[in-house]
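Below: one structure, written as structure tokens.
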Amino acid sequence: MLLDRITLYHIKMELVTPFVTSMGTEKEEEHIIIKVDGDGITGWGECVAAANPFYTYETVQTAWHILSDFLIPGIIGKNFNTVDEAISSWRKVRGHNMAKAGLEAALWDKLAKSKNISLSKMLGGVKEKIDVGVSIGIQSSDNELIKKVEGYLEEGYKRIKIKIAPGNDIQPVKALRKEFPNILLQVDANSAYTLKDVKIFKAMEEFNLLMIEQPLGYEDIYEHSKLQREIKTPICLDESIRTLADTRAAIELESCKIINIKPGRVGGFTEAKLIHDYCASKNIPVWHGGMLESGIGRAGNVALASLPNFTLPGDISASKRYYKKDIVEPEFVINKDGTMNVPSKTGIGVEVNIERLEQVTVQKLFFSV
Ligand code: OSB
Ligand code: MG
């Protein structure tokens, strides 16, 4: 796999509706699209670091810097047989998982294309369709929330996740449960609470939630183990799980019963697969999280979610739930039965709409030998 040209695109895309969480309000999403070329084959990846460091410390600017000054110089002009060989060139770089994951994704796409197989097959996927859910931001009223949920259920989504924040937690859950007693429902706090709030999570027990995602500190594992001892509802960790080592600690300490896997957060598909396999061996279900990706990142997510232990519906929704027009063709759609098809063509299995990509690009940088 020769890598003789790499291109970074800083993209900015307007969301169809603002996404409100305990971290703030997002009206548009900025990411980096990464294109790697060589041997006449192009690979695509997406770095999910956002404009601000509110979910993690990484931002578009830090990722741009790490990619340009540390990751790309280690691989440009080289010839690799495996992705492992390429990523070992950046083992010395600590953290910056989203920067690493975006570049690694492009390498996986290119490698799968060179072997003429789908990214799903390349990663060890076994499913042709994956179960999908939707992540809904904080709404202005319970009625607004109920209307939104109704619409998504009609489209087929198998599971509803709502964002919660202090002062906006028990009430919306109660309202939704009254209206929809039997749906798969979960909440995501994005680290907005502390152990002092145990009573809020105890009060939620009666609503039969599938899980409570990341209630406490964004790097915490210890205090989550204390909270999990106090409640029956499974805790799912998102932000706190950045490596296989974090996963081991969380499972051994019984800090959670479920894990959300996002390749960006854990530094790429390679680490994500290790976490997936480890969780399978410990009977811990995993599901695929989302970072409001464009179709390029989404294609990677769909491929990874086709691995066998992704047994719960993921935050992988249709393109149009995020953006008026995606940068890939065909766009990602949801089937009536709440599944999404795993592309079977080579690599990510969708075509990048270059014209659309250029329209949403605010800065571009080329590297070559
Ligand atoms: O916590 O899962 C999260 C989006 C951005 C950052 C963090 C999170 C999210 C989501 C959206 O919940 C998931 C999606 O892409 O649909
Ligand atoms: Mg989350």
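Of note:
- Peptides ranked, highest mean first, by Cβ atoms within 10 Å: ranges 261-269, 74-82, 155-163: 261-269, 155-163, 74-82
- Ordered from longest to shortest, the equivalent ellipsoid semi-axes for segment 121-341 are 25, 24, 14 Å, each the square root of 5 times a Cα gyration tensor eigenvalue.
- Relative contact order [Cα under 8 Å, 6+ residues apart], segment 121-341, whole percent: 24
- Distance between the modelled labels on ASN335 and GLU28, one decimal in nanometres: 3.6 nm (7 Å Cα→Cβ projection).
- In percent, rounded to a whole number, the relative contact order of the chain is 23, using alpha-carbon pairs under 8 Å and six or more apart.
- Cα-centre dipole for segment 121-341 with unit charges at Cβ (Lys and Arg positive, Asp and Glu negative), debye to 20: 220
- Each residue of segment 171-187 is assigned a 3J(HN,Hα), and the resulting list reads 4, x, 5, 4, 5, 5, 5, 5, 7, 10, x, 10, 6, 6, 10, 9, 10 Hz, derived from the Karplus form 6.51 cos²θ - 1.76 cosθ + 1.60 (θ = phi - 60°), x at Gly and Pro.
- With the Kirkwood sum run over all distinct C-alpha pairs, the chain has a hydrodynamic radius of 20.6 Å.
- Among GLY125, PRO53, THR194 - extreme Cα towards positive end, dipole of the chain, charges at beta-carbon: GLY125
- In segment 288-369 the Cα-Cα distances spread across 10 Å bins starting at 0 as 16, 48, 27, 9, 1 percent of all pairs.
- Spin-label model, HIS65/ASN353: points 7 Å from Cα along the beta carbon direction are separated by 3.5 nm.
- Taking the centroid of alpha carbons for each part, segment 99-135 and segment 294-309 are 6 Å apart.
- Summed side-chain charge close to GLY124 - residues other than GLY124 whose Cβ falls under 12 Å, Lys, Arg +1, Asp, Glu -1: +2
- When the chain is treated as a Gaussian network with alpha carbon springs shorter than 10 Å, the biggest mean-square fluctuation among SER140, SER240, SER317 belongs to SER140.
- Likely footprinting exposure, GLU154, GLU206, GLU331, fewest C-beta neighbours within 10 Å first: GLU154, GLU206, GLU331
- Phi angles of segment 189-195 translate, via the Karplus equation with coefficients 6.51, -1.76, 1.60 and θ = phi - 60°, into HN-Hα couplings of 9, 6, 6, 8, 10, 10, 4 Hz per residue; Gly and Pro are given as x.
- Over the chain, dividing the summed -39,500 (n - 2.57) contributions of all DSSP H runs of at least 4 residues by the number of residues returns a 222 nm mean residue ellipticity of -9000 deg cm²/dmol.
Bear in mind these aren't lab numbers, they're just calculated from the coordinates by the rules spelled out. For clarity, every value in this text was computed on a predicted model and none was experimentally measured. Neighbour counts are summed over all protein chains in view; Cβ atoms, including those assigned to glycine, are modelled from backbone coordinates with ideal geometry.
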